Amino acid sequence: MFTVATVLNALELGFIYALVAMALFLSFRVLNIADMTTDGAFTLGCAVSATAAVAGHPFLGLPLAMLSGAVAGFVTAFLQTRLAVPSILAGIITNTGLYTVNLAVMGFSSNVPMLKTETIFTTAQALLGENSPYKLVVAALITVVVCALLILFLGTRLGLSIRATGDNPDMVRASSINTTFTITVGLCIANAMTSLSGAVLAQYQKSADINLGTGMVVIGLASLIIGETLFGRGGMWTKAVAAVAGSVIYRFIIAIALRANVPSECLKLISAVIVALAIAAPALQARAAFRRRRAHAEKEGATRA
Amino acid sequence: MLDLKRVSKTFNPGTVNEKVALQNVDLHLEEGDFATIVGSNGAGKSTLFNAIAGEFIADTGTITLAGQDITMMPDYRRSKVIGRMFQDPLKGTAPHMTIEENLALAFLRASHQTSPFSRISKADRALFAEKLSALGLGLEDRMKQPVGLLSGGQRQALTLLMATLVTPKLLLLDEHTAALDPATAEKVLDLTKKIVAEHHITCLMITHNMHDALTLGNRTLLMDHGRIVLDVGGEERTHMTVPELLDRFAQNVGHQLDNDRILLSKDA
């Protein structure tokens, strides 16, 4: 049912989008902040990377995208820590503003075509050869390195402070940690990763579009939750592997959907349904268990009477 | 060591919910003082702690700790030198992080920990294990386990260790044994006495146990309506009984000490 090409394709996209899943792992799970900057930060990464590549700097485009993503994260963090904007609203505000910024980065055009542009992938193709899985190598390499760095970072003193900030803010202040600082660093890193994902994607598909990031937070969460449900119990390394695996599995689900002739316009709806179901799963399970228990009790009552 | 001069705090000033929580509180603690604090519900005991720890900035007055004016200092900077424990064992530790990671966070207060990118070292681990074994709870063998798996008493003992891992200039104990069963409470209290004595820590402790209030430490403070109304120490305190303390309270403020949680008996 799958050709080698579709499997490769799903793996490549899975690795690229895994950076978003890891970013959401950091913001939603570790920091316990619903960071709605994600959609805009992803598009920002696309825009910066595409513009840089068109200007002849595909490699410089990646750190530039990360830097701009970090700035977006900083704005969200500033709004919520210094100006007391509720955290979800802070992300939405930044996200809204980013729409204009992203258009501006792309020269006030809604897309940047880069068909003949040199990208990190064309360079890898030249190095590794036409027939090698060069796209997968690049995508996997970037994701694995960044995820490993993140997990190593979370084991440092600053990383532990960030984790504690999401786990128990009361305790953190009593341990002489400045939560304004830890939240800011955390959101900057998360959005830098999201932007990097967008940056790699733009060069991968040789185009940037203002709508690429739409729904990215839901897609990232879907990947994260799939990973957590299947492999998520364990230490930080397990959790990182789970996020990457979840992202790859999500891409396979999409590939199957496309294979089954689901029109690509419906993919966002499918993502939304997956996320809703995955988040609702524990509640549905509990309800089913309660129904079984009640039916059992009623039956026992009937036999006794 | 600790000096509060005319510290006042009013919550929601100018509204129907206005509440004068602290009224011109003056308090002086010598180095090594261990004072217990008793008072009615809403007397301002916890508010006093919040003022000292920096949860809010006092409306008026100054707070000095070890010669440094900390009146305007934010809470996370004060906590470098102030250890604090709450009644709720869930407040003092991060449940999804391991025992060793929690201790590493507490150890951040040590001044020689400079690089934010350094990791928990072998030396740190050895120190944590040594301190944990002194608690006598076997926690030194469970350092890689998340704190969420510990019982309330174990968590509170760990919090005590975290609050004192780097010897604080001041330790604030806000009924830190009140949520524990009597046997565990006694154990945590014994540990507290031991650690405070060992490191000669200046300490303030809120309690509802009148017996503890008179026998622990070297001073007893009674609070009422945001003021310290009685401060006994020395010879007078050594011979004082619980009924005498209550009488003195009633004389000073003109009404009985009224607190639905107060414990008068010795065994409670």
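Only one of the numbered conditions (1) touching a residue at least 60 places away in the same chain (Cβ under 8 Å); (2) more than 14 Å from every other protein chain (Cβ to nearest Cβ); (3) out of contact with any Gly (no Cβ under 6 Å at 6 or more places or on another chain) is violated by B:Q154, and that is (1). Within segment A:1-56, can you find the residues that are closer than 27 Å to A:G235 by Cβ, part of a helix (DSSP H, G or I) and charged (D, E, K, R)? Residue satisfying the conditions is A:R29 alone. Among residues of segment A:159-174 being at the interface with another protein chain (Cβ under 7 Å from one of its Cβ atoms) and not polar (S, T, N, Q), the one that is surrounded by the fewest Cβ atoms within 10 Å (Cβ to Cβ) is A:D170.
Considering only segment A:86-106, I want to know if a residue exists there that is under 27 Å from A:T180 (Cα atoms), surrounded by fewer than 19 Cβ atoms within 10 Å (Cβ to Cβ), more than 21 Å from the chain's Cα centre (by Cα) and free of Cβ contacts under 8 Å to residues at least 12 places away in the same chain. Looking for residues that are under 27 Å from A:T180 (Cα atoms), surrounded by fewer than 19 Cβ atoms within 10 Å (Cβ to Cβ), more than 21 Å from the chain's Cα centre (by Cα) and free of Cβ contacts under 8 Å to residues at least 12 places away in the same chain, one finds at least one in segment A:86-106, hence yes.
Annotation note: of A:T194, A:T184, A:T143, the sole residue that is of a type in the set (S, T, Y) and open to solvent by 10 Å² or more (accessible area, probe 1.4 Å) is A:T184. Applying the set (1) on the phi < 0 side of the Ramachandran plot; (2) surrounded by 19 or more Cβ atoms within 10 Å (Cβ to Cβ) to B:D190 leaves exactly one unmet item: (2). Among the residues of segment B:85-142, those that are within 11 Å of chain A (Cβ to nearest Cβ), touching a helix residue (DSSP H, G or I) at 6+ places or on another chain (Cβ under 8 Å), farther than 14 Å from A:R163 by Cβ and surrounded by fewer than 16 Cβ atoms within 10 Å (Cβ to Cβ) comprise B:Q113, B:S115, B:F117, B:S118.
Going residue by residue through segment A:79-91, is there one that turns out to be hydroxyl-bearing (S, T, Y) and touching a Pro at 6+ places or on another chain (Cβ under 8 Å)? No: segment A:79-91 contains no residue that is hydroxyl-bearing (S, T, Y) and touching a Pro at 6+ places or on another chain (Cβ under 8 Å).
Checked against (1) closer than 14 Å to A:I177 by Cα; (2) open to solvent by 60 Å² or more (accessible area, probe 1.4 Å), B:Q145 passes all but condition (1).
One residue stands out among those in segment B:193-216 that are more than 16 Å from B:T177 (Cα to Cα) and in a loop (DSSP other than H, G, I, E, B): the one that is most open to solvent (accessible area, probe 1.4 Å), which is B:H200. Applying the selection to segment B:65-84, what residues are open to solvent by 40 Å² or more (accessible area, probe 1.4 Å) and either in a strand (DSSP E or B) or among the hydroxyl-bearing types (S, T, Y) (or both)? Hits for segment B:65-84 are B:Q68, B:D69, B:Y76. Just one residue in the set B:A178, B:A163 is in contact (Cβ under 8 Å) with a residue 60 or more places away in the chain, assigned to a loop (DSSP other than H, G, I, E, B) and either within 24 Å of A:R173 (Cα to Cα) or open to solvent by 10 Å² or more (accessible area, probe 1.4 Å) (or both); that residue is B:A178.
The values are calculated or read from the model by the stated rules, or taken from the named source; none is laboratory data. The model shown is predicted, which means the values in this text are computed figures rather than measured ones. Note that each Cβ is placed from the backbone with ideal geometry, even for glycine, and that neighbours are counted across all protein chains shown. Just the protein is used for accessible areas: all its heavy atoms, side chains included, with ligands, DNA and RNA removed. Shrake-Rupley method; radii C 1.70, N 1.55, O 1.52, S 1.80 Å.
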